[in-house]
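Take a look at the structure below.
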Amino acid sequence: MSDETLLQEITSQKYKYGFTIDIEADQAPPGLNEEIIRFISAKKKEPEWMLNFRLRAFRHWQTMEEPQWAKIDYPKINYQDIIYYSAPKSKKLNSLDEVDPEILKTFAKLGIPLEEQKALSGVAVDAVIDSISVKTTFKEKLGEKGIIFCSFSEAIQEHPELVKKYLGTVVPYNDNYFATLNCAVFTDGSFVYIPKGVRCPMELSTYFRINEAKTGQFERTLIVADEGSYVSYLEGCTAPMRDENQLHAAVVELVALKDAQIKYSTVQNWYPGDENGKGGIYNFVTKRGICKEENAKISWTQVETGSAITWKYPSVILKGDNTVGEFYSVAVTNNYQQADTGTKMLHIGKNTRSTIVSKGISAGKSQNAYRGQVKIMKSAIGSRNFSQCDSLLIGDKCGAHTFPYIESAHSSAIIEHEATTSKIGEDQIFYCNQRGIDTEHAVSLIVNGFTKEVLKQLPMEFAVEAQKLLEISLEGSVG
Amino acid sequence: MNLAMNSPIKETTKAFISQFETGEALPFGETKRQQAVGFLQNAVLPGQKTEDWKYTSLMPITTKEFQQPENYASRSLDICNIPNLEAHTIVFVNGALHSVNMLPGFDSDLMIQSFGSMNETAQIIAEKYFAHLTPPDLDIFTALNTAYGNKGTMIFVPAKRQVQKPIHIQHLTDTNIPIGIQHRNLVIVWEESSVTILETYHGTKQNSTFRNQVTEVIVAENASLSYFKFQHEGRNASHIEQCNVMQQANSQTAFFTVSLSGEIIRNTLRIRINGEGAHAGLKGGYLLDNIEHVDNYTEVHHIKPHSTSNELYKGIIGGQATAVFSGKIQVYPDAQKTQAYQSNKSVLLTDTANVYTKPQLEIYADDVKCSHGATTGQINEEALYYMMTRGISKTEARKLLIGAFLEEIFNEFGVKEVEEYVHRCIQEKMDSIH
């Protein structure tokens, strides 16, 4: 099969999960001002300090300019044209039967029905539909261990001391344009607290969906792992087909205390826009974790296949001695998608170690950039970093870019960085063809091998979905 | 960023520029000069927020006052001489032409001329190619050079000439006052010719100097050029250079940049490969101590298919010195079958030294092989220990390792005398670093 027909097949792969749920939403008028923020806060019955947090962020946001440095290109966003609050009608449910059947159907279409998950995989699901948590399962079971896994609004009500203590400590309210916007208008998200010495018995998972038209999704996630605890958190996204661009500006904060370990996995499959680059989600996400005390470990794994624009740099601040940061990423772009993604590893403590493995695949007319920073501070004696960024190009209309920043201020630090860019070798395909494997499968094999290093980092439940998503994005062309 | 006319940075810039203003202009390139003067009206000095100057502060240069160089006096040039090297030489002392010495029996079509004393043919060529590769408004330093620089070297190698002996451009600063020097090189290597150029910078006193240089190089079809830059002007000498190269089909280049001393050194080397089958080689080495600062900024543009480039920069950083490396490889949409490799390796000797590395790949064609690698580390303790167990002192072992580490940068230049000389300079500098 020639490259051209292969390409045509990718571009003709329609977004399988595109559909719209019809739930009458309780929403704010479009626009952004202090009134709207007060409305959101009142609607969620938030305490005074939370409102102040939002307002402070909003006032700061008004003085900021939208960043221009990323290698992405998009029409100017009109922030006054976005609806900042919309909630599904039903709330506070005790069992699955009370969940809106439409929502259950949605999940069924996605291949992740709550029941099945509950029964088979033992995964607790905090499903977020349009900015508000509908259902949190397995809560009691987790409660026995003292684990808190709830929606962010609930956490504000029930665990204000924890939220107050950690909110904004990793990503401060004035961090960057999109994070600050999120601080002002976030509607909901997830909150996790793992108490001292507890190993979370199951994978915690949240599925996000953008539902109402013109609804910006501003999620906020805060995960705190206390001394000696362990948690693995899964986040996955799919979105219905839309013509208008939708803004998604989430913030994720991870705090790992002494000896704690957090593993955060993402499969991101927002609607990428159609084959002409029309529509699609703008995904401007700020994700950052801090290994606050000794021997903590934070690991980010992400499979990015969706969104018209991805602007995302999950980072780790290695503050405690002997802490470890990891970043594993597969980013696939097709058609007119643009991705500018990577990580930051900030080494502050002694003997801190970080690993970066990033695999970018670009096809169609897409642009895929890795942007990362490894910074070794003077105090980071004996630190170690290894980075590897590989790009695979499919077709001659796409671009693959690498922008690493390496800064070392200590002689005992060892930093290694490697990056390669290439296309799938014709000899590799020929070798497979010779052995009776058709081109399609050969390419699939090669891409599988190319991304394996990252995919194997995903928890079992997720790896399956990740592979499915890679298929959707590139099937027919590379797989 | 809306800078009011009287903002502090604007004032600093104005004051900085005014130091270099001069009425003496070159006999060619008037339009370009006017353009540059116009650009300078509203130009501002780059700050830390300027992405390309993120790691290099210009404060050490902009806070000093520089004077116009004194008229040259004939002083001892011994320091610039490379033992046993036979080369055509053109010598500049404090920025002004000192002498041109051609070896006996040279090809009379070969032009090695100073901007100040060019013949008519040379002027016609210069008029055509002056600021051809480097737009006058590229940046503030280029504009400054284009507007007020009036010294320079022109090297023109006509078609089908193999220049056997290297051409040596010597720069010497010997001054008791801080001076600002603007120099410009225009190198044209015509079709099927080949030439080797060596440019050295030396200083006799530890006075502050600021050198702002623009070099333009055109390498035509099937031509080849080897260009060695050796910067050893003293630890208070600052050097900002913009070197723009254009390569045509099947041309070959090899650039070597070795920096041994300087307060602020910023070498911009931008190679545009604008023809099929061409190859560009870029090598750089630096050995820094005290508060020396070297910033190597390179760009390789692969515009046409089937071209290759290979880049290797290595450095040893001691004291409180800083090394910056930015390397960009850009492969244009039609430049299929490009092969581009880049590597940057740094060794830190102290905990007060800093290394910043920023490699970039921008690839718009699919059938390419590109890679970049970067490492930062320290001297291998095991290798050191191995040598010490065999009776080599620690100092000597370190010298050996560092020498070997940097050797790779210049040992393919092809002129033995130069390689030996650079090697010896490195060893001498090593003696002062511990």
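Checked against a 19 Å cut-off, the cross-linked pairs A:Lys423/B:Lys369; B:Lys304/B:Lys328; B:Lys64/B:Lys205; A:Lys292/A:Lys350; A:Lys350/A:Lys378; A:Lys287/B:Lys358 give Cα-Cα distances beyond that limit for A:Lys287/B:Lys358.
Lys and Arg at +1, Asp and Glu at -1: add these up for the other residues within a Cβ distance under 11 Å of B:Lys304 and post the number.
Details: positive: B:Arg272, B:Lys337; negative: B:Glu276, B:Asp334.
With Lys, Arg at +1 and Asp, Glu at -1, the net is 0.
Along its three principal directions, the equivalent ellipsoid of segment B:74-177 from the Cα gyration tensor extends over semi-axes of 24, 22, 11 Å, largest first. Counting only Cβ charges, +1 for Lys and Arg and -1 for Asp and Glu, the dipole size of the protein assembly as shown around its Cα centre is about 1640 debye.
Ranking B:Ile379, B:Ile392, B:Cys425 by Cα position along the charge dipole of segment B:379-434, where only Lys, Arg, Asp and Glu carry charges on their C-beta atoms, puts B:Ile392 farthest toward the positive end. The alpha carbon radius of gyration of segment B:379-434, expressed as a multiple of 2.2 N^0.38 Å, is 1.22. Within the same chain, lysines fewer than 8 places from A:Lys44 are excluded, and of the rest, those with a Cα less than 23 Å from its Cα are A:Lys89, A:Lys91, A:Lys92, A:Lys135, A:Lys139, A:Lys164, A:Lys165, A:Lys214. Take each residue of peptide A:382-393, count the partner chain Cβ atoms within 10 Å of its Cβ, and average: the result is 2.
Ordering B:Leu260, B:Ser226, B:Val355 by Cα displacement along the dipole of chain B toward the positive end leaves B:Val355 in first place; charges were set at the Cβ atoms of Lys, Arg (+1) and Asp, Glu (-1).
Note on segment B:379-434: with charges restricted to the Cβ of Lys and Arg (+1) and Asp and Glu (-1), its dipole about the Cα centre is near 260 debye. Counts of other chain beta carbons within 10 angstrom of each beta carbon in peptide A:394-404 average 6.
Return one quarter of the surface area of the convex hull spanned by the alpha-carbon atoms of segment B:120-167, equal to its mean projected area, in nm².
The directionally averaged projection comes out at 4.6 nm².
Rounded to the nearest 20, the size of the Cβ-charge dipole of chain B about its Cα centre is 440 debye, with Lys and Arg at +1 and Asp and Glu at -1. Think of it as helices only: each DSSP H run of n ≥ 4 in chain B is worth -39500 (n - 2.57), and spread over all residues that comes to -6500 deg cm²/dmol at 222 nm.
Have a look at B:Gln48, B:Gln247, B:Ser117 and report the one farthest towards the positive end of the charge dipole of segment B:8-274, computed about the Cα centre with Cβ charges (Lys/Arg +1, Asp/Glu -1). Sorting the options by dipole projection puts first B:Gln48. In this entry, segment B:8-274 is assigned a mean projected area of 13.6 nm², taken as a quarter of its C-alpha convex hull surface. Contact order, relative form, for chain B: 10 percent (alpha carbon pairs under 8 Å, 6 or more residues apart, mean separation divided by residue count). The share of C-alpha pairs in segment A:280-333 whose separation exceeds 19 Å stands at 37 percent. On the principal axes of its alpha-carbon atoms, segment B:271-345 has extents of 45, 14, 14 Å, going from largest to smallest.
With a 10 Å radius around each residue's Cβ, average the other Cβ atoms per peptide and rank A:336-343, A:451-458, B:245-252, B:425-432, highest first.
Ranked by mean Cβ neighbours within 10 Å, highest first: A:336-343, B:245-252, A:451-458, B:425-432.
In the protein assembly as shown, the convex hull through the Cα atoms has an average projected area of 40.7 nm², a quarter of its surface area.
Just so you know, all these numbers are worked out from the coordinates, no wet-lab data involved. These numbers were taken from a predicted model, which means no experiment stands behind them. Heads up, the Cβs are rebuilt from the backbone with ideal geometry, glycines too, and the neighbour counts pull from every protein chain shown.
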